[in-house]
1. Is it true that some residue in the stretch 499-506 is touching a residue at least 60 places away in the same chain (Cβ under 8 Å), under 22 Å from VAL394 (Cβ atoms) and either open to solvent by less than 10 Å² (accessible area, probe 1.4 Å) or part of a loop (DSSP other than H, G, I, E, B) (or both)?
2. Just a yes or no: is a residue in the stretch 600-611 at pLDDT 90 or above and either under 19 Å from LEU407 (Cβ atoms) or open to solvent by less than 20 Å² (accessible area, probe 1.4 Å) (or both)?
3. Based on what the data block shows, is THR421 at pLDDT 95 or above and buried (at least 19 other Cβ atoms within 10 Å of the Cβ)?
4. Select from the stretch 170-208 the residues that are touching a His at 6+ places or on another chain (Cβ under 9 Å) and of a type in the set (A, V, I, L, M, F, W, C) and list them in ascending order.
5. Which residues, counting only those in the stretch 134-183, are farther than 29 Å from ALA89 by Cβ and not in a strand (DSSP E or B)?
Amino acid sequence: MAGRGQRGKKRREAPPQVAGNPQPFNTPPLSSVPLACPPPRNCSPFPSPEPQRGNAREEEREEMVGPQYDLVGNPLGAVRATFERTAAAATAESGGSDPVAAFRGKDWGACELFRSFLFEEDGLDKVPVLDASNLGLIKPNTLVRYRGMVQDMLGSEYYIGAFKDGSTWRTNKFTDFSPFSMPHPCDSHLWERHLFHCVPAPGQNSWTLESSPGPDVRRMSSCLATELREKRKRDGDNDDMDVSENGHEESPLFCKKLKEDDVHVPSSSTEVAEGVPEMNGGDHHIPGSSFSCLVKVYDMPDSQVKLNDVIEFIGVYTFDPELATPSDNPDDIMLDLIEDVTVQLPPSKVPRLHCLVWRKLSPHDFISRPPVVEPSPSILKGIRQSLLSHLTLVLGNDELAAQCLLLHLLSRLRNRVDVVTVGRLSLNFTGFNRESASIFGNQLYSLIQKLVPYSQAIPMSIEYLNTATLQPRKDNKSGRLVTGVLQLPQGSHLTFDETLLQTGSLTSKGVENTMLLKNLMESQKVDYDFEYYKLDMATDVQLLTLSEGKSNILPSDLVVPFRPSSVPTINAGSEELESWRWYLATIRSLPQSTEPETYQMIQDEMVSAMRDDRSLGCSELSRWLTMAQIIASSFGEKSLSLEHWQMVKELERLRKQRLQ
């Protein structure tokens, strides 16, 4: 065990990449007095589920943890109940030898219990979504969902996972402090958990945000107000730590100071509880971010979670300012092992989530009403035509521009071969000025926001290039990764407005930012600055540039002169938007292949084209092949045909006519 004053953590590797599926396992066997009682009546964030008689799954759960537990309002009760029950059974089988050694890095049944509740019994809809607006209304130590991007990977920390209390083995899993009085010395096991600092995904569009389900907010506020009044009475008598009726330490609740007989419910997210500390206040590592979460993941295999992954974590929520101040108690074993990253991420400002279940999110996960039918080519063709018609109207009846924009929105990075990226299709619309950008550019960006999960508009002015922090960098003093504009989730869309660019001088920072953008455009990589060296991080970002002439700063794969003939005045309905989102997500996920015979014919056509036009290079022919594959996918076809190749050649003919 680490000695006193030592931190039980692994040093973080510079290239951030860790992973795994959390498999929680904490629950004690039931004794005559439950170790974790259900929360007081009418004070749980969610009502306890009614037992369903005759339900096999419900009976299985009761067999596992004993009496009915509210898995949302009191998850730690079920966690400890399963642990103690399993540990007691293992003790009996082993004849008294160490029964919990085999539990290290494994689930003893708690994880499966929650997975069954969430995904087989439709319990997911009962779990509140944690965000900045409801932070003061959700009780600590309850089950929550949190969706965020992994902004920094903070390595591992060790903790006392299990210890022997008399003849009973207990667990501290999924908690920051032991809820029990730990004998010292005692038989114990040192376990490991991974730490991730997560933030809302940059550029996440409003249609992807999930509102928090659950009980009436007024009821929750009333309950929390009552508990606060009782706590203030206790605090007036003594300064001892609050202890709940089941003997566990009670985390302080942060909510608005309410009058004795007047419960006020916040009407918006800005009307937040006065007692809730400002989230992430003064954290220079995440400029502009108002909410983040420190996620602790258990039993995770390596290389499954990567930097910038967007993940939904479901676990036990804690938010406690008591953790911000280290205890002076020299016998507090758990404090010796607390990860010193808490100095940079104090629990009074950054909530903790002890993860039970997690899953990576894809664009399909944000679609609220996906079609129940299989994505057959006939259905996809109809949606394709509908979307293409709308894009044409938004672009002022410019059909060529709409065709190219559709291919751009469907593009994704499919493979990397050395320095060559296969599948990308950046787009440059020329012929824009400030006036047309304010009309067509705004309409176009507004539509993109409604179609893709993550998008941002970047003003390409001299001032922006000279002042913006685009590059993420490592702060070696704090050991934290300082985010930059280009730290983005996979599948993000960036729209650059070069009509704002005027004559001026770039500073050294402006030149550096320009090189970063050019590198992103050409290689789909972002340089992360680790002070003593640079690290290329692969990404997959769609890039659209609006400019007057061909952009020299951002050399795009496809340059299309924009020729509108009317001003757009159309808005799409919600059902149309839903179908288009589903279409884009589905097409981008389709596999693509080419039959050998077709590939040979296309190769022969490429050779013939290069013979006829000596200006054609390998990069342009590679782009033609990429466009043909995207066109095939856009019709729901998984294999490229000569018909799709001919469609690309016709698009290229029309495009080159405009360039002359």
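1. Of the stretch 499-506, the ones touching a residue at least 60 places away in the same chain (Cβ under 8 Å) are 499-500.
Imposing the further condition that a residue be under 22 Å from VAL394 (Cβ atoms) reduces the set to 499-500.
Restricting the remaining residues to those that are either open to solvent by less than 10 Å² (accessible area, probe 1.4 Å) or part of a loop (DSSP other than H, G, I, E, B) (or both) gives none.
No, that holds for no residue.
2. No, the stretch 600-611 contains no residue that is at pLDDT 90 or above and either under 19 Å from LEU407 (Cβ atoms) or open to solvent by less than 20 Å² (accessible area, probe 1.4 Å) (or both).
3. On the way: at pLDDT 95 or above: no; buried (at least 19 other Cβ atoms within 10 Å of the Cβ): yes.
No, not satisfied.
4. Of everything in the stretch 170-208, those that are touching a His at 6+ places or on another chain (Cβ under 9 Å) and of a type in the set (A, V, I, L, M, F, W, C) turn out to be PHE174, PHE180.
5. Taking the stretch 134-183 as the starting set, the residues that turn out to be farther than 29 Å from ALA89 by Cβ are 134-140, 144-157.
Those that are farther than 29 Å from ALA89 by Cβ and not in a strand (DSSP E or B): ASN134, LEU135, GLY136, LEU137, ILE138, LYS139, PRO140.
Residues checked against (1) open to solvent by 80 Å² or more (accessible area, probe 1.4 Å); (2) assigned by TED's automatic domain parsing to the domain that holds LEU409; (3) touching an Asp or Glu at 6+ places or on another chain (Cβ under 8 Å):
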residue: MET521; (1), (2), (3): no, yes, no
residue: GLU548; (1), (2), (3): yes, yes, yes
residue: ILE570; (1), (2), (3): no, yes, no
residue: ARG581; (1), (2), (3): no, yes, no
residue: ARG614; (1), (2), (3): yes, no, no
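Here is a yes/no grid of residues against (1) out of contact with any strand residue (DSSP E or B) (no Cβ under 6 Å at 6 or more places or on another chain); (2) at pLDDT 90 or above; (3) among the aliphatic types (A, V, I, L, M); (4) crowded, with 21+ Cβ neighbours inside 10 Å:
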position: LEU130; (1), (2), (3), (4): no, yes, yes, yes
position: SER133; (1), (2), (3), (4): yes, no, no, no
position: ARG145; (1), (2), (3), (4): no, yes, no, yes
position: GLN151; (1), (2), (3), (4): no, yes, no, yes
position: LYS173; (1), (2), (3), (4): no, yes, no, yes
position: MET182; (1), (2), (3), (4): no, no, yes, no
position: CYS186; (1), (2), (3), (4): no, no, no, no
position: CYS198; (1), (2), (3), (4): no, yes, no, yes
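A quick yes/no check of all residues on (1) among the hydrophobic types (A, V, I, L, M, F, W, C); (2) farther than 23 Å from LEU393 by Cα; (3) out of contact with any His (no Cβ under 6 Å at 6 or more places or on another chain):
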residue	(1), (2), (3)
GLU531	no, yes, yes
LYS550	no, yes, yes
ASP557	no, yes, yes
SER574	no, no, yes
LEU625	yes, yes, yes
ILE631	yes, no, no
SER634	no, no, yes
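The values are calculated or read from the model by the stated rules, or taken from the named source; none is laboratory data. The model shown is predicted, which means the values in this text are computed figures rather than measured ones. Because the Cβ atoms are built from the backbone with ideal geometry, glycine has one as well, and the counts that use them run over all protein chains shown. With ligands, DNA and RNA removed, areas are computed over all heavy atoms of the protein, side chains included. Shrake-Rupley method; radii C 1.70, N 1.55, O 1.52, S 1.80 Å.
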